[in-house]
Each structure stands twice: as structure tokens, then as C-alpha cells.
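The values are calculated or read from the model by the stated rules, or taken from the named source; none is laboratory data. Owing to the predicted nature of the structure, the values given are computational and were not obtained by experimental measurement. Quick reminder, even Gly has a Cβ in these numbers, built from the backbone with ideal geometry, and neighbours come from all protein chains shown. SASA here: full protein model, heavy atoms, side chains in, ligands and nucleic acids out. Shrake-Rupley method; radii C 1.70, N 1.55, O 1.52, S 1.80 Å.
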Amino acid sequence: MPHHQTVLVTGGAGFVGSHCVAELVERGHSVVVFDNLQQGHRAAVPDEAEFVEGDLASPAALTRLFGAFKFDAILHFASNSLVGESMRDPHLYLHDNVVNALNLVQFATDNKVPRFVLSSTANLFGMPDRMPIDEDTEIDPGSPYGESKFMIERILHWADKVHGMRSACLRYFNAAGAHPDGHLGEDHDPETHLIPLVLDVAAGKRPHIEIFGDDYPTVDGTCVRDYIHVSDLADAHVRVLSALDHRSCRYNLGNGRGYTVRQVIETARAVTGRDIQVRIGARRPGDPPVLIASSERVRADLGWNPRFPDLETIIHHAWDWRRRNPDGYQTHPVRQLMAAV
Ligand code: UFG
């Protein structure tokens, strides 16, 4: 792998994508962000990166993109990514996520891009009964969202076999936290993720957090998840690029430690010093009771070792971002400037 690379990051204006862009820029790579800004934020892309607004559904946009740059690697984040939404509108996921990825992989192989990293998901494993979940756990996607990611993993399998394009599929557990320096963070509309919602309550923006079910077979009856810091995910993406010269790979990315919804809320109370009101609601359809990763393989192969494994630190960074940017990227100076012109 050349020391300096030109990397295409699709969805680089989104939550995990923008943190990866920051990590790549910091390590001196040239980065091109391609994002349709449907969910992403222009203000999340640093000045050092080239920004191209466009949609993977458009072959014309991809022709222009691949005509303008020669990429050493692609990191693919652009995607619909809500489990619940995919249960209501499966074809949106099975069609858009897969067709967009197929377009991108086609351009990648036609242009002989040697490396490709996919943002994949723990939802690939559905509701496994044995924990922790390693790379040999049976794949049985829990939703059309997970299925769409699995289909893209298979597309990449054949792109390697037939065209020799090496790929890494990184299955994240629960991505959370924010950049430690507070300039990047989580800003979804609508927000559905637990930690930002809990922090909204702490900030006084929502009256309470609804716990989706307290009758699960866990220590306190609420669901257990493995929360992984977004900067640790970014670090794994940059590391895996070097490993891809040799072979394709798939890794599960988590801390190997589970926290219940109640434990998350309790930790958020401690970090913020604020009251957080709770209501108990019904189970959310499709939620597995427990998801905990085994990331032994990626630790052994890449020397990956999460820098921010503690839930307290993860929530602290998310809170720091929230306090500096109470309205998310809307409060960012670039956005304010754009709104003014
Ligand atoms: N939860 C609540 N109340 C809320 C929101 C969430 O109790 O208002 C609970 C959920 O039931 C779940 C936990 O908090 O038990 C975490 O929920 P999130 O929505 O934050 O995250 P999920 O575990 O549902 O899903 C996330 C990503 C998916 C990915 C999955 C893999 O959003 O893209 O992790 O584990 F597939």
C-alpha cells in the first residue's frame, strides 16, 4: 500500500464516515467525500477534504467522479441505515442500498481500484443465542437493512474472486460517542439512537426517554448492547487499508462488553449530572435482547485496540459535542454563514 493514498469516502458527511475522513486527513491522505447530503452534513467535512455532492444512483455522477480522480481505496458508508425503517419499507433497503453499492463496485472494478472497505453491521447476525458474536457466528440478518449489507458483502466477495479487488467488511456493533475534540458528532434527523436521545433528555430537549421493553431476559430486563466509540471505528478503517494488500477480510467491531439500556441511562446521569426521566414502553419489534461482539480477530490481525472502551468516556464525548453544538451541525459556523447568504 502506498504511504499516501487518494481515498474516496462515500457518505463521508455522515456520522461514522465523517470521523473516518478526519482520521484519514490527520494521517496525511488525500480524501474525496461523495455524499448526497440527504442525511449527511456539509459542515462535517473538513476543508482539507475535497467535497463532491452526488448520488450513487446516478451513473453520470459516478462517471464524472471516477474521471476526475484515481482512487487507491474506497470507504463505502453511504446507506440507509435504520433497522426499524427497513422493517416498514424493505424494498427501500433491498433496492437502494444494494443497487447503489453495485453501481459503486462496478465503477471501482472498471477503474481497477485495488481496495474497498464496507461499513457493515451486527444486524447481519440477527438474534444469535450464543455470545459473544465472532466472525464464525451464523449469518441470519435480523432485518432488510442487515440483509442489504450482507448482499453487498457477497457482491464484494465476487468482486475479489473475479476482479481481484480486495475488500474489508467491518461489522459494527453500536456506534456511539463523538470526536474527542468536540468538533464532530452524531446528528441524525430523525434521531432514533439511544445515547443521543438520552442526552437530549439531559439537555432538556425531550421530556423523557422511553425504554423499549423491560421484560427481556437480562440483568435488569432491558436490552444489552455493545457500544463502540466512533473514533475507534475510524481507527479500524484506516488500519485495515494496510492489511488489504494481502487479502480480503471481515471483522466484528465492538468492545466485547455489554450494557443494558438502564445502565446507559444511569451512566448518562452520572456524566451529565442531570436528571433523566424514564418511561417504560413496549418492546421495539426486531430488537435482539443481547448483542455483544468478539473482536479478537481484528485485535490479533491488525493490532486494533480501542482507545475509548469505557461507556463513561463514550457518553462524555457525545455530551461534550452536544453541549458545544446544541442544534447539531445547524449551529456550526459554516452552516450559519450558508444560511445567511
Ligand atoms: N432504545 C430504547 N429507547 C429508545 C431508543 C433505543 O430503549 O428511544 C433501546 C433499543 O431498544 C436497543 C438499544 O436502546 O435495545 C439501542 O438502540 P439503538 O436504536 O441505539 O441501536 P440498535 O441496537 O437498534 O441499532 C444499532 C444501529 C443499527 C445496527 C445495530 C447493530 O442503529 O444500524 O446497532 O447492533 F444494525
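Quick notes on this one:
- Applied to the stretch 277-283, the Karplus parametrisation 6.51 cos²θ - 1.76 cosθ + 1.60 on θ = phi - 60° returns per-residue 3J(HN,Hα) values of 6, 10, 10, 9, x, 6, 4 Hz, with x for Gly and Pro.
- Theoretical FRET efficiency, 1/(1+(r/R0)^6), r = Cβ-Cβ of Arg257 and Glu210, R0 22 Å, to 0.05: 0.35
- Mean Cβ count within 10 Å, highest first, over the residues of peptides 29-41, 10-22, 268-280: 10-22, 29-41, 268-280
- Projected area, mean over directions - the chain, Cα convex hull, nm²: 16.6
- Averaged over residues, the count of other Cβ atoms within 10 Å places the peptides 215-225, 314-324 in the sequence 314-324, 215-225, highest first.
- The DSSP beta bridges internal to the chain are antiparallel in roughly 5% of cases.
- Helix runs (DSSP H) in the chain reaching 15 Å along axis by Cα, Kyte-Doolittle at least -1.0: 15-26, 98-110, 144-163, 230-243, 261-272
- Separation in nanometres of the label points that stand 7 Å from Cα toward Cβ, at Asp140 and Gln106: 3.5
- Surface composition of the stretch 1-156: carbon plus sulfur atoms hold 49% of the accessible area, using a 1.4 angstrom probe and ignoring ligands, DNA and RNA.
- Distance from the Cα centroid of the stretch 19-61 to that of the stretch 255-295 is 31 Å (rounded to whole angstrom).
- Coordinate range of the alpha-carbon atoms in the stretch 206-341 per principal axis, descending: 54, 52, 28 Å.
- Trypsin sites (Lys or Arg not before Pro) restricted to the stretch 114-196 and DSSP loop, no more than 14 other C-beta within 10 Å: Arg130
- The residues of the chain have, on average, 44 Å² of accessible surface per residue, using a 1.4 Å probe with all protein chains present.
- Dividing the mean sequence gap of close Cα pairs (under 8 Å, 6+ apart) by how many residues the chain holds gives a relative contact order of 18 percent.
- C-alpha center-to-center spacing [the stretch 203-246, the stretch 150-193] in angstrom: 13
- Across every direction, the projection of the convex hull enclosing the Cα atoms of the stretch 99-163 has a mean area of 4.8 nm².
- Proximal aspartates and glutamates to Lys161, defined as alpha-carbon separation beneath 17 angstrom and excluding residues fewer than eight positions away on the same chain: Asp110, Glu153, Asp245
- Here the Debye sum runs over all C-alpha atoms of the stretch 128-245 as equal scatterers in vacuum, and log10 of I(q)/I(0) at q = 0.12 Å⁻¹ comes out as -0.66.
- Note that the stretch 211-273 carries a Kirkwood radius of 14.2 Å, evaluated over its alpha carbons pair by pair.
- Loop GluC sites (Glu not before Pro), the stretch 121-162 (other Cβ atoms within 10 Å of the site Cβ: 14 or fewer; DSSP): Glu138
- Couplings for the stretch 70-81, taken from phi via the Karplus curve 6.51 cos²θ - 1.76 cosθ + 1.60 with θ = phi - 60°, read 10, 8, 8, 7, 10, 10, 10, 10, 4, 5, 6, 9 Hz in order; Gly and Pro are left as x.
- Share of pairwise Cα separations in the stretch 13-158, more than 22 Å, in percent: 43
- Protection-proxy order for peptides 228-239, 245-256, 282-293, each taking the mean of Cβ atoms within 10 Å per residue, highest first: 228-239, 245-256, 282-293
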